[in-house]
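Q: Quick one: the structure is below, and I'll ask about it shortly.
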C-alpha cells in the first residue's frame, strides 16, 4: 500500500533528513521542496540544504521556490497523493493544502498545542520542560494549528542539549510517521482538535535570547546554554568580544555571595566560574570570537591570571 503512495516532501534542515530517508525507503517520493540555496562565508560559496543532497542522490526532482505562495504550479503538476512537511520554513498556501487526496501532513517537534513555531526543540530545553515529543498533524492555514493525528512523547534528560534532543526527535518523527501513514490512507485516524487554551509558542531564537544574563538563576542559565548548544549558541561578552559557551555545569557554592553576578570569581586548570544569583556557573567549553571551539583548559594557557575578578557583559 505505501509503496505506491506518491509523496511530495517539503523540508529544509537536517532535522527533516531522517523523515525523507524513511519515505524514500517506504513510499514513492516524486518530489522534494526545500528552501533556496544560500551564499555562505567570505568566499561567497553556494551551499544547499542537506535535504536537497539526499533528494538528488536518489534522483528525485527538487523545487526551491523563493516564495511558495506564488510559485507552486510545478509541485501540483506532479499530482501527489499526499504532501508531507517537516521544518520546511515557509507558510504553505491554501492551493497546496487543498490539493492532495490524503491531505497535507506535518511532522512537528513538540507535543502540540505546546510550542507551535520554528524552534520548539530549543524552547523545550529553555523552558526546563521534562517531556517533549513529536506530533503528526493535518495542516491548515495557521501555524501548527491543524488537527492532531497522533503524538508520542520523549523524556528530556538533564544533560540533553539541543543537538542530542534534535537527533532523538528526528528518529522519533520518522518512526511515528511510518506508523501513522496507513491510518491516514485508510481514513481510520482520529482528528483531534487542538485546545486553544493550551497553546504556547516556540518562535525562532533571537540574538537577544542568546546573550546570557547572569542575574538569572543557575538553572535558567544552564538550560539556556544547553538549549542553544550548538546552534545558535549562547554567549557573554569578555572585553567586548563574544564568547560562546558550549559546556557548563551548575555549582551550588555560596562562598562568593558577596561578589557581583557575572563576575569570574574562580579559575582552575579546566574551568572558570562565574557568580550568579544562587551559586556558580562552571564554564568548561567555549568559542572565543574569531577562534575555534575549545575546552577551557586549552584557553587558560596564558590567560589564567587575567580572568579572575573580571565582570562579563560589563556595559551591556
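Q: In the set 14, 45, which member is in the same structural domain as residue 182 (by TED's automatic domain parsing) and under 20 Å from the mean Cα position of the chain (by Cα)?
A: On inspection, the qualifying residue turns out to be 14.
Okay, residues lined up against (1) assigned by TED's automatic domain parsing to the domain that holds residue 28; (2) over 19 Å from the mean Cα position of the chain (by Cα); (3) surrounded by 17 or more Cβ atoms within 10 Å (Cβ to Cβ); (4) without any contact (Cβ under 8 Å) to a residue 60 or more places away in the chain:
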| residue | (1), (2), (3), (4) |
| --- | --- |
| 102 | yes, yes, yes, no |
| 124 | yes, no, yes, no |
| 128 | yes, no, no, no |
| 135 | yes, no, yes, yes |
| 147 | yes, yes, no, yes |
| 150 | yes, yes, yes, yes |
| 170 | yes, no, yes, no |
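Q: I would also like to ask the following. Of the residues 54, 107, which is part of a helix (DSSP H, G or I), surrounded by 17 or more Cβ atoms within 10 Å (Cβ to Cβ) and assigned by TED's automatic domain parsing to the domain that holds residue 22?
A: Criteria check complete, one pass: 54.
Q: Restricting to the stretch 21-57, name every residue that is touching a helix residue (DSSP H, G or I) at 6+ places or on another chain (Cβ under 8 Å) and more than 20 Å from residue 170 (Cα to Cα).
A: 28, 31, 37
Q: While we're looking at this one, here's another question. Pick from 134, 149, 75: which is under 17 Å from residue 33 (Cβ atoms) and at pLDDT 95 or above?
A: The conditions single out 75.
Q: When the stretch 152-163 is examined, which residues are found to be buried (at least 16 other Cβ atoms within 10 Å of the Cβ) and over 13 Å from residue 110 (Cβ atoms)?
A: Correct list: 160, 161, 162.
Q: Continuing with the same structure: Which number in (1) touching a helix residue (DSSP H, G or I) at 6+ places or on another chain (Cβ under 7 Å); (2) touching a residue at least 24 places away in the same chain (Cβ under 8 Å); (3) at negative phi marks the one condition that residue 215 misses?
A: Just one mismatch for residue 215, condition (1).
Q: I've got another one for you. Could you grab me the full set of residues in the stretch 261-295 that are touching a residue at least 40 places away in the same chain (Cβ under 8 Å), closer than 21 Å to residue 229 by Cβ and crowded, with 19+ Cβ neighbours inside 10 Å?
A: Hits for the stretch 261-295 are 262, 264, 274, 276, 279, 280, 281, 285, 286.
Q: May I pose another question? Could you list all residues from the stretch 172-200 that are in a loop (DSSP other than H, G, I, E, B), out of contact with any helix residue (DSSP H, G or I) (no Cβ under 9 Å at 6 or more places or on another chain) and in contact (Cβ under 8 Å) with a residue 60 or more places away in the chain?
A: 194, 195, 199
Q: Counting only residues that are more than 14 Å from residue 86 (Cα to Cα), give me the strands (runs of 3 or more DSSP E) lying completely in the stretch 1-46 with at least 3 of them.
A: The strands (runs of 3 or more DSSP E) meeting that bar are 28-33, 38-40.
Q: Now for a separate question. So, of the residues in the stretch 21-51 that are under 21 Å from residue 109 (Cα atoms) and in contact (Cβ under 8 Å) with a residue 60 or more places away in the chain, which turns out to be surrounded by the most Cβ atoms within 10 Å (Cβ to Cβ)?
A: In this case the residue turns out to be 23.
Q: Now for a separate question. If we keep just the residues of the stretch 110-134 that are touching a strand residue (DSSP E or B) at 6+ places or on another chain (Cβ under 9 Å) and assigned to a loop (DSSP other than H, G, I, E, B), which is nearest to residue 222 (Cα to Cα)?
A: Ranking the candidates gives 130 first.
Q: Right, here's the next one. So, of the residues in the stretch 57-89 that are surrounded by 13 or more Cβ atoms within 10 Å (Cβ to Cβ) and in a helix (DSSP H, G or I), which turns out to be nearest to the chain's Cα centre (by Cα)?
A: Among those residues, the one meeting the criterion is 75.
The values are calculated or read from the model by the stated rules, or taken from the named source; none is laboratory data. Owing to the predicted nature of the structure, the values given are computational and were not obtained by experimental measurement. For neighbour counting, all protein chains shown are included, and Cβ atoms are generated from backbone atoms with ideal geometry for every residue, glycine included.
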